[in-house]
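Okay, so here's the structure we're looking at.
What follows is calculated from the coordinates using simple rules that are stated; it is not laboratory data. Because the structure is predicted, anything quoted here is derived from the model rather than measured. Counting neighbours? That spans all protein chains shown, and the Cβs are built from the backbone with ideal geometry, glycine included.
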Amino acid sequence: MGLESARAALVSLHDLGTLGGAVSQGKAVNRRGQVVGTSRDALGRTRAFLWEETLGIVDLKPLTGVNTSANDINDNGEIVGGGDTGFGDFHAYVLSAGTSFDLGTLGGNESEALAVNRSAQVAGHSRSGAAPAKHAFLIAEPGTMIDLGTLGGATSIAHDLNNRGEAVGLAETKTGEPRAFVWTATDGMRDLGTLGAASMALGINDRTEVVGGSGHAFLWTARDGMVDLGTLGGRTSCANAINEAGCIVGASQTGDTDARGQPVTHAFLRTPDGGLLDLGTLGGEHSAALAVSEVIENVGAQHAAPLLWIAGHSHNASARMRAALWAVRLG
């Protein structure tokens with residue numbers, strides 16, 4: 001069965017634990033099943049973590065300060081995020097082969113890396129020295145942080161980039177409206193439009209297929225523009241990541257309400273055939289999927305269907321938010 005007509009079946013859902021605190025969130029996963037994210041520690045600090053099946057959850061300690069984040073990991077195991085520098089600033093970093101590198105800023109006192117591709121190019125956001133607003137950045141060559149600008153407004157953020165160095169995110173227009181964008185070295189920043197509400201782009205693959213949210217989750221392509229992906233039955237949804245096979249993950253309201261009367265939100269997987277799978281929770285009422293690995297062939301039993309790793313977070317039965325890892329078979 002080709003991936004175009006793939007059906008998905010949830011195999012397992014793992015609680016990845018915490019660094020001693022009550023809360024953790026998974027932000028990214030690679031083909032090896034390595035997950036990075038943030039967790040509170042026993043002192044209540046927000047810390048970057050790496051989770052591996054053999055080691056469990058480990059504090060990365062990428063920079064010298066108190067609070068740190070880990071936002072993406074590539075298939076080589078290179079990790080990016082941000083952290084206190086110990087001097088009152090918060091800087092983007094890349095962690096490669098056990099060594100952390102401070103990536104600096106666009107001139108201000110704050111930056112954070114949100115995405116890294118297989119060539120170790122990095123994207124994120126930074127304050128400049130002249131203005132308090134954040135601007136999207138791309139580091140295509142080591143030591144050179146490029147300001148990607150805006151759509152005429154004050155602020156922009158780059159949420160993801162593909163292996164071709166194309167970045168996506170959100171940028172404000174001249175009238176202050178947040179819009180999804182795609183940026184390329186040849187064409188600069190392009191406004192991807194909306195589904196009628198403020199839009200932001202959160203994921204891109206090497207075919208320049210872009211996903212994000214504009215009230216509903218969307219898939220944008222140069223051919224078809226912005227296509228509404230619908231919901232799991234509720235009012236709103238958002239797509240957070242897309243892989244090379246076209247598998248999309250995100251979060252959607254289900255149409256149910258929780259004990260407080262708030263809309264229930266569940267993680268979802270959209271397969272290339274358009275099927276929307278509710279990924280469920282760790283026993284609580286809410287979950288969200290933030291990242292998806294590439295399709296992994298021939299893992300486990302012989303003739304087993306291809307595997308996907310999906311990372312995010314879920315409430316457990318005690319209503320505590322925990323980093324979560326879903327394993328899904330496509331077949």
Considering only C-alpha atoms, what is the centroid distance from segment 13-53 to segment 254-331, in Å?
16 Å
For segment 3-330, with only Lys/Arg (+1) and Asp/Glu (-1) charged at the beta-carbon, what is the dipole magnitude about the Cα centre, in debye rounded to 20?
440 debye
Over segment 132-258, with a single point scatterer placed on each C-alpha, what log10 of the ratio I(q)/I(0) does the Debye formula yield at q = 0.10, 0.17, 0.22 1/Å?
-0.30, -0.82, -1.24
For segment 3-330, the Rg and Dmax computed from alpha carbons only, in angstrom
18.7, 59
Starting from 0 in steps of 10 Å, tell me what percent of the Cα-Cα pairs of segment 184-325 lands in each bin.
12, 39, 32, 15, 3, 0
How about LYS134: which lysines have a C-alpha closer than 19 Å to its C-alpha, ignoring those fewer than 8 places off in the same chain?
LYS174
Which three lengths, in whole Å and largest first, does segment 1-128 cover when its Cα atoms are put on their principal axes?
54, 34, 24
Taking every pair of alpha-carbon atoms in segment 73-123, what share in percent sits in each 5 Å bin, from 0 to the bin with the longest distance?
5, 24, 30, 23, 11, 6, 1
Could you tally the net charge around GLN25, taking each other residue with its Cβ under 11 Å from the Cβ of GLN25, Lys/Arg +1 and Asp/Glu -1?
+3
Which residues qualify? For ILE146, with a placed amide H closer than 5 Å and at least 5 residues away or on another chain, they are LEU138, ILE139, ALA140
Taking placed amide H atoms and a strict 5 Å upper bound, the residues 5 or more places from ARG31 or on another chain that come that close are GLU294
Relative contact order of the chain, please, whole-number percent, based on alpha carbon pairs below 8 angstrom and at least 6 residues apart.
15 percent
Residue-wise, which Karplus ³J(HN,Hα) couplings in Hz belong to segment 276-285, taking 6.51 cos²θ - 1.76 cosθ + 1.60, θ = phi - 60°, and x for glycine or proline?
10, 9, 6, 8, x, 9, 8, x, x, 9
Cα to Cα, under 17 Å, and not fewer than 8 places away if on the same chain: which aspartates and glutamates meet these conditions relative to LYS61?
ASP41, GLU52, ASP72, GLU78, ASP84, ASP89, ASP102, GLU112
How large is ³J(HN,Hα) for each residue in segment 65-71, as worked out from phi by the Karplus curve 6.51 cos²θ - 1.76 cosθ + 1.60 (θ = phi - 60°), to whole Hz, x for Gly and Pro?
x, 7, 9, 9, 9, 10, 10
Residues whose placed amide H lies under 5 Å from that of LEU282, excluding near-sequence neighbours:
HIS315
